[in-house]
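The values are calculated or read from the model by the stated rules, or taken from the named source; none is laboratory data. Just so it is clear, the structure is predicted and the values come from calculations on it, not from any experiment. Because the Cβ atoms are built from the backbone with ideal geometry, glycine has one as well, and the counts that use them run over all protein chains shown.
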Amino acid sequence: MRIRAAIPDDFPRLQEIERAAGELFRAVGMPEIAADEPFTAEELTVFLTAGLAWAAVDGGDVPVGYLVAERVDGNLHVEQVSVHPAGARRGIGRALLDRAARLAADEGLPALTLTTFAEVPWNAPYYARCGFVTLDEPEIGPELRAVRAREAAHGLDRWPRVCMRRAVRPQDGPTG
């Protein structure tokens, strides 16, 4: 498995990955999340154009996971990271997060941030194992609050959600 910049030809596969990964939410009583549509090609293009879209690919250069990010409150915010269930528990998600952290380090950004479900085992508990800590309300910046407001408007607050942060470490850079 290697990580490379995503390309437009990847978009259908990235959408397949998101749908497959989303299906896991049915088992924890969140069918609405499973039914949520992935990013459109137009939305993915915004991340790609910004240089903030990566694909984890197999030996045949077929994506098995992906991460897209944006800059929020002076940090690199992980907007979405998904791994196809067939590739789960192989370190792919962590490798994608580490790739984003390298870019953040290169840019002198202090941290990665993300928002996630607090009680879903492969969400907040997983990210905690990857070095993220839950932010207290006063630690959440205005742009991250706006992200949360968009999520709430989309209905995601039906389940407990948290904002998390992982400090960028010197060993995270450079991207090379």
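Give the residue, chosen from Ala100, Ala88, Ala149, that is more than 16 Å from Ile33 (Cβ to Cβ), at pLDDT 95 or above and among the small types (Gly, Ala, Ser).
Criteria check complete, one pass: Ala100.
When segment 1-20 is examined, which residues are found to be touching a residue at least 60 places away in the same chain (Cβ under 8 Å) and of a type in the set (Val, Ile, Thr)?
Ile3, Ile17
List every residue pair whose Cβ atoms lie under 9 Å apart, where the two residues are 6 or more positions apart in sequence or sit on different chains, the first residue falls within segment 21-48 and is at pLDDT 95 or above, and the second residue, located anywhere, is hydroxyl-bearing (Ser, Thr, Tyr).
Between residues of segment 21-48 that are at pLDDT 95 or above and residues that are hydroxyl-bearing (Ser, Thr, Tyr), the close pairs are Leu44/Tyr66.
Among Val120, Val78, which is within 20 Å of Leu156 (Cβ to Cβ), of a type in the set (A, V, I, L, M, F, W, C) and touching a Leu at 6+ places or on another chain (Cβ under 6 Å)?
Criteria check complete, one pass: Val78.
What are the residues in segment 59-79 that are surrounded by fewer than 23 Cβ atoms within 10 Å (Cβ to Cβ), closer than 17 Å to Asp10 by Cβ and at pLDDT 95 or above, if any?
Gly60, Asp61, Val62, Val64, Glu79
Would you be able to tell me the number of residues in segment 151-165 that are in contact with a Leu (Cβ under 9 Å, 6 or more places away or on another chain) and either without any contact (Cβ under 8 Å) to a residue 60 or more places away in the chain or of a type in the set (S, T, N, Q) (or both)?
3
Filter segment 136-150 for residues that are touching a strand residue (DSSP E or B) at 6+ places or on another chain (Cβ under 7 Å), closer than 15 Å to Leu76 by Cα and free of Cβ contacts under 8 Å to residues at least 40 places away in the same chain and give the result.
Ile140
Report, by residue number, each residue of segment 62-89 that is charged (D, E, K, R) and in contact with a strand residue (DSSP E or B) (Cβ under 8 Å, 6 or more places away or on another chain).
Glu70, Arg71, Asp73, Glu79
What is the number of the single condition among (1) assigned to a loop (DSSP other than H, G, I, E, B); (2) at pLDDT 90 or above that Pro138 does not meet?
(1)
Of all residues in segment 142-163, count the ones that are of a type outside the set (Asp, Glu) and surrounded by fewer than 16 Cβ atoms within 10 Å (Cβ to Cβ). Lay out the reasoning, then the answer.
Here is the first cut: in segment 142-163, the residues of a type outside the set (Asp, Glu) are 142, 144-150, 152-156, 158-163.
Right, trim to surrounded by fewer than 16 Cβ atoms within 10 Å (Cβ to Cβ) and you get 142, 145-146, 149-150, 152-155, 158, 160.
Matching residues across segment 142-163 total 11.
Out of the residues in segment 105-128 meeting the condition of being in contact with a Pro (Cβ under 8 Å, 6 or more places away or on another chain) and surrounded by 16 or more Cβ atoms within 10 Å (Cβ to Cβ), tell me which one is nearest to Ala50 (Cα to Cα).
The qualifying residue nearest to Ala50 (Cα to Cα) is Ala105.
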